[in-house]
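Trainee: This structure is in structure tokens; I'll ask about it shortly.
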Amino acid sequence: MTVSNGDSALEDSKTSLLGYAPLEAVLFDVDGTLCDTDPIHLQAFQIMLPEIGFKDVAIDEEFFIENMAGKHNDDIARYLFPNDIPRGLKFMEDKEALFRKLVSEQLTAIDGLYKLRKWIEDRGLKRAAVTNAPRENAELMISRLGLSDFFQAVIVGSECEHAKPHPEPYLKALDVLKVSKEHTIIFEDSVSGIKAGVAAGMPVFGLTTRNPEHALIQAKPSFLIRNYEDPKLWSALEDLDKKSA
């Protein structure tokens, strides 16, 4: 399969998903992929980080992308408290509790998500959510989006031996769904998530929800799309339908 991302520096190569027909399953990240949650995570950090000494640091989107986006909470805890990991883990637990409170008030789906949901359901494809978020967060977001009955499995990084960017969570999803990587596609929005999907041997649609396009390109997605309304996505899915017919 030739890898391309449309409008990026890889646009000179021709992307094709035809080798993955007939499709068996679709795997989704959660944060930034089902819903635009980075601003909510950032808001929680902006409230809490000054309380632990981050008073002279600009806690803005650039800071968040560099140090938090797509990372497992254990890694963020080590970054914040390199000499006191238990304190870092407790801080992250408190931060996630605040995030869940804010999510209940602010969560919105990525544009076109429910259109893609219908496409997947109409074709009887299997589906799982694969996330580095804590299970309580993931299940809350999935529930708030009305997708609890849509996903047949929720794979959580902390419940695997290795979280993303290791491929294990995506490989575990294949095993749970009883599908092959040769007939499965992934939707992701972070560098670590795209790396995990690529390392697991599947084509990844990278969403440019919040993370910089140039950074996502380095992780080698098969496509970059703005959201689930993007014509590049539906052109690729149409090609898959034709090949599967």
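The values are calculated or read from the model by the stated rules, or taken from the named source; none is laboratory data. All figures in this text were calculated on a predicted structure; none of them were measured in a lab. All Cβ positions, even for glycine, are placed from backbone atoms using ideal geometry, and neighbour counts span all protein chains on display.
Trainee: How many of the residues in the range 177-199 are among the acidic types (D, E) and within 13 Å of the chain's Cα centre (by Cα)? If you could, list the steps in order and put the result at the bottom.
Mentor: Filtering the range 177-199 down to residues among the acidic types (D, E) leaves 182, 188-189.
Checking the rest, the ones that are also within 13 Å of the chain's Cα centre (by Cα) come to 188-189.
Residues meeting the conditions: 2.
Trainee: Out of the residues in the range 52-88 that are under 19 Å from the mean Cα position of the chain (by Cα), surrounded by 13 or more Cβ atoms within 10 Å (Cβ to Cβ) and of a type in the set (D, E, K, R), which is farthest from V130 (Cα to Cα)?
Mentor: E61
Trainee: Continuing with this model, one more query. Within the range 84-106, can one find any residue that is more than 30 Å from L174 (Cβ to Cβ) and polar (S, T, N, Q)?
Mentor: yes
Trainee: Follow-up. Would it be correct to say that A133 is closer than 19 Å to D29 by Cβ, modelled with pLDDT under 95 and surrounded by 20 or more Cβ atoms within 10 Å (Cβ to Cβ)? Before you say what the answer is, go through the steps one by one.
Mentor: Details: closer than 19 Å to D29 by Cβ: yes; modelled with pLDDT under 95: yes; surrounded by 20 or more Cβ atoms within 10 Å (Cβ to Cβ): yes.
For A133, the condition - closer than 19 Å to D29 by Cβ, modelled with pLDDT under 95 and surrounded by 20 or more Cβ atoms within 10 Å (Cβ to Cβ) - is met.
Trainee: With (1) in the same structural domain as S190 (by TED's automatic domain parsing); (2) more than 18 Å from Q152 (Cβ to Cβ) as the list, and P82 as the residue in question, which single condition is left unmet?
Mentor: The single condition P82 does not satisfy is (1).
Trainee: (1) in a helix (DSSP H, G or I); (2) without any contact (Cβ under 8 Å) to a residue 40 or more places away in the chain: which one isn't true of G201, the others all being true?
Mentor: (1)
Trainee: State the number of residues belonging to the range 153-198 that are farther than 17 Å from A133 by Cβ, touching a helix residue (DSSP H, G or I) at 6+ places or on another chain (Cβ under 7 Å) and free of Cβ contacts under 8 Å to residues at least 60 places away in the same chain.
Mentor: Qualifying residue count for the region: 3.
Trainee: Within the bounds of the range 110-122, is there any residue that is small (G, A, S) and without any contact (Cβ under 8 Å) to a residue 40 or more places away in the chain?
Mentor: Residues of the range 110-122 that are small (G, A, S), as a first pass: 112.
Now drop any that are not without any contact (Cβ under 8 Å) to a residue 40 or more places away in the chain, which leaves none.
No, the range 110-122 contains no residue that is small (G, A, S) and without any contact (Cβ under 8 Å) to a residue 40 or more places away in the chain.
Trainee: Just to be sure, is L23 part of a loop (DSSP other than H, G, I, E, B), modelled with pLDDT of 90 or more, on the phi < 0 side of the Ramachandran plot and of a type in the set (A, V, I, L, M)? Please lay out each step first, then the result.
Mentor: Details: part of a loop (DSSP other than H, G, I, E, B): yes; modelled with pLDDT of 90 or more: yes; on the phi < 0 side of the Ramachandran plot: yes; of a type in the set (A, V, I, L, M): yes.
Criteria met by L23.
Trainee: Any idea which residue in the range 204-245 is nearest to N73 (Cα to Cα), counting only those that are among the charged types (D, E, K, R) and assigned to a loop (DSSP other than H, G, I, E, B)?
Mentor: The initial filter retains those residues of the range 204-245 that are among the charged types (D, E, K, R), namely 210, 213, 220, 226, 229-230, 232, 238-239, 241-243.
Checking which are assigned to a loop (DSSP other than H, G, I, E, B) leaves us with 210, 220, 226, 229-230.
Values: R210: 19, K220: 24, R226: 26, E229: 31, D230: 31 Å.
It comes out as R210.
Trainee: Additional query: For the range 101-112, does any single residue satisfy the condition of being touching a helix residue (DSSP H, G or I) at 6+ places or on another chain (Cβ under 8 Å), loosely packed, with under 15 Cβ neighbours inside 10 Å, under 30 Å from A21 (Cα atoms) and not hydroxyl-bearing (S, T, Y)?
Mentor: no
Trainee: Starting from residues that are of a type in the set (G, A, S) and in a loop (DSSP other than H, G, I, E, B), keep the ones in the range 144-192 and report whichever is surrounded by the most Cβ atoms within 10 Å (Cβ to Cβ). Let's see the steps before the verdict.
Mentor: Taking the range 144-192 first, the residues of a type in the set (G, A, S) are 146, 148, 153, 157-158, 163, 173, 180, 190, 192.
Applying the additional criterion that residues be in a loop (DSSP other than H, G, I, E, B) yields 146, 148, 163, 180, 190.
Working: G146: 12, S148: 11, A163: 21, S180: 13, S190: 28.
Checking each candidate, the answer is S190.
Trainee: Hey, another quick one. Scanning for something of a type in the set (A, V, I, L, M) and closer than 20 Å to L240 by Cβ, does the range 27-37 turn up at least one residue?
Mentor: Of all residues in the range 27-37, those of a type in the set (A, V, I, L, M) come to 27, 30, 34.
Retained after the next criterion (residues that are closer than 20 Å to L240 by Cβ): 27.
There is at least one residue in the range 27-37 that is of a type in the set (A, V, I, L, M) and closer than 20 Å to L240 by Cβ.
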